[in-house]
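What follows is calculated from the coordinates using simple rules that are stated; it is not laboratory data. Please read these numbers as outputs of a predicted model, since none were measured by experiment. Counting neighbours? That spans all protein chains shown, and the Cβs are built from the backbone with ideal geometry, glycine included.
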Amino acid sequence: MKIGYGWDSHEFKRGIPLKIGGVEIAHEKGLGGHSDGDVLLHAITDALLGAIAAPDIGTLFSPSDPRWEGADSAVFLGEALRRVAAAGYKVLNIDSTLILSTPKIGPHANALRDRVSQLTAVPPDCIGIKAKTPEGMGTENAAIAHAVVLLQKISTTAGRKPTKKPRS
Ligand code: MG
């Protein structure tokens, strides 16, 4: 078993769509960033990469690389999942907390859970989507996401040294 943790934040900006957890949410502001600014998918991606000690999202998908301008963050998540599978692990569960003043996430939590489930092949009842407002933090113009993942080894051979044949 391996645990992974990821964190991200993006600033709200007017005139761009708001995308959280792969779901577009109607709101007067969206999250700025080089990609689509999906703070939740970025935190989950980093949690997956961290669990297998892979390079982080900013290293794999540099914000200075024009290829990732406006990119769908599902692409980043897909690469992290590919690396997790290649290392011989499957994702058991994902838990997350969003911290933002508006919009309210509660009415969208099931849609976010279902979309993250589609993107990760983790059952919806193994995906936690929680939200809090930034009381006293002074981060009203930002969205913050924390995520943890738990991975289970599925392959007994991947990543293990070859064993010597026993002497006869
Ligand atoms: Mg980010």
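Quick test for you: out of 104, 2, pick the one residue that is free of Cβ contacts under 8 Å to residues at least 40 places away in the same chain and surrounded by fewer than 20 Cβ atoms within 10 Å (Cβ to Cβ). Of 104, 2, the one residue that is free of Cβ contacts under 8 Å to residues at least 40 places away in the same chain and surrounded by fewer than 20 Cβ atoms within 10 Å (Cβ to Cβ) is 104.
Of the strands (runs of 3 or more DSSP E) entirely within the stretch 1-88, those holding at least 1 residues that are within 12 Å of the ligand (Cβ to nearest atom), under 26 Å from residue 134 (Cα atoms) and within 14 Å of the chain's Cα centre (by Cα) occupy 2-14, 18-20.
Scanning the stretch 111-139 for residues that are loosely packed, with under 15 Cβ neighbours inside 10 Å, more than 20 Å from residue 46 (Cα to Cα) and of a type in the set (A, V, I, L, M, F, W, C) turns up just one, 137.
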